Structure formats: C-alpha cells, structure tokens
Amino acid sequence: SARKRVSVAGEADIQRVSWRGRGEGQFYLTSAEALDVTPWVMGKGALVMRLRIDQAPRKQVALRLGCGYPCAGTADVTRLFQALPAEQWLQVSIDLACFAGRGLDPSNVVTPLLLLTSGKFGLSLEDVRLVRRAGPAATVRC
C-alpha cells in the first residue's frame, strides 16, 4: 500500500517525508482551487524551497507541478538532491521555465509541488513558495 511506501510527519511548519524504497511513492501539496501562476512564469519566477536532505536519494527523483492529470511539467532533481549536503537547512530554487517548457499549463496549477521516487529518500521541507524574478539566479535553471 502507499502508506508503506512514504511516511510524512510534521512538527510546527516542517514536513518530514521518507520514502522507504518499496515501490513508487509521492508527496504532494495540492490546492482546492486552480492557481494561475502565469504572472510568476512571465516574471521569471522560481519555485523556492527551504529544505534539509535527511537521506540522499537512491533512485531518480522527479519534481512536478501539476495542472490536472495528466497535465504536468516535470524536472529531474535527482542530481541536485544527491549533491546537497545532508542534515543542513538550505534554500533551493528551480526556475519555473523548467516546468512551463515541459508541459505545464501555468494558468491551471492544482498541484504546486509533487515529489516522486521509487528509491529510499528522506527530506524535510520548511517553506515552499513562488518568487518572482528568482528564476535567473535559481539553483536549477532551464
């Protein structure tokens, strides 16, 4: 079951997510109403996260912004998450162009963050937001 593949625990505003490596599992944030992120895309924005790697990923990790299944834009963040030092809080940003150029309909975002992997992986998220004009200096650019 999915419950055995991914566990999520929270403390204050921190989400700790662990993939157990027993098949594909996902963690996502969803919105009750579709979000129009076009102004952030046009404003050279980025998805900005404050996170800590608790266990480096063993297999590919995809980060997706969803616009209603199967509509989505996906970025491969495996190398990024493998390269980050463990057990340190860091700010990481991904240029929204990475998603807009790979199938995302920015006018209809219902899943502003989805992480997907089938291997062991652990991270903690403290803050996730969209920031205008952060794309050109993002950790991951497209």
Whole-percent carbon and sulfur contribution to the accessible surface of the chain (1.4 Å, no ligands, DNA or RNA) stands at 47 percent
Could you check the spin-label model distance between residue 88 and residue 127? Points 7 Å from the Cα along Cα→Cβ, value in nm. 1.8 nm
Jot down the per residue volume, in cubic angstrom and as a whole number, of the convex hull over the alpha-carbon atoms of segment 56-128. 93 Å³
Alpha-carbon Debye profile of the chain, log10 I(q)/I(0) at 0.11, 0.12, 0.18 Å⁻¹: -0.37, -0.45, -1.04
Between residue 62 and residue 36, what is 0.36 nm times their sequence separation minus the Cα-Cα distance? Round to one decimal in nm. 7.2 nm
Around residue 61: net Lys/Arg minus Asp/Glu count, Cβ-Cβ under 12 Å: +3
The summed charge of the residue 43 Cβ neighbourhood (under 11 Å; Lys/Arg +1, Asp/Glu -1) stands at +3
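The values are calculated or read from the model by the stated rules, or taken from the named source; none is laboratory data. Since this is a predicted model, take the numbers as computed values, not measurements. Glycine also receives a Cβ, built like all others from the backbone with ideal geometry; neighbour counts cover every protein chain displayed. Keep in mind that these areas ignore ligands, DNA and RNA; they rest on the heavy atoms of the full protein, side chains included. Shrake-Rupley method; radii C 1.70, N 1.55, O 1.52, S 1.80 Å.
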